[in-house]
Amino acid sequence: MTAELALGLVAVTLVLAALLLATAASSVRVRCEDAARAGARVAALGAGDAEVAAVARRVAPGAAVAVRRDPPWVEVEVTRALPGAWFADGLAATGRATAWAEPCAPGGASCGP
């Protein structure tokens, strides 16, 4: 009976760890999506890449931010490693957002004739 209980406790512990990792992953994913959305809004208003990255990192600290401009569109991608021990090593969450660059904003579409 003791061996079965020990194996059962190990299984319960592993399932609990997997659930906690999944919860943390979903939280980081939402944060990355929010950071990408905030960065895309700022980029659409004509902010430079450094300012876009600063805004995105305020929402998702420690994240890697990539900005791609393909007029009239701006895409921001935010990637952050998942928290956790050795079993989360190498896993990351990514969020992407695309926005239309505002007319007349620096780097946006042209304003007139």
In segment 34-50, the residues that are under 11 Å from the mean Cα position of the chain (by Cα) and either under 11 Å from ARG80 (Cα atoms) or β-branched (Val, Ile, Thr) (or both)
ALA35
State which residue pairs qualify: first residue touching a residue at least 40 places away in the same chain (Cβ under 8 Å) and inside segment 1-17, second residue surrounded by 10 or more Cβ atoms within 10 Å (Cβ to Cβ) and not in a helix (DSSP H, G or I) in any location, beta carbons under 6 Å apart, and separation of 6 or more residues or different chains.
none
How about segment 3-58: which of its residues are acidic (Asp, Glu) and over 16 Å from ARG69 (Cα atoms)?
GLU4, GLU33, ASP34
Is there a residue in segment 51-60 that is on the phi > 0 side of the Ramachandran plot, under 18 Å from the mean Cα position of the chain (by Cα) and among the small types (Gly, Ala, Ser)?
no
Under 6 Å between Cβ atoms, at least 6 apart or on separate chains: pull out the pairs that start in segment 49-68 with a residue that is within 13 Å of GLU33 (Cα to Cα) and end on any residue that is at pLDDT 95 or above and among the hydroxyl-bearing types (Ser, Thr, Tyr).
ALA64/THR79
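The values are calculated or read from the model by the stated rules, or taken from the named source; none is laboratory data. On a predicted model such as this, the values are computed, not experimentally measured, just so you know. Glycine also receives a Cβ, built like all others from the backbone with ideal geometry; neighbour counts cover every protein chain displayed.
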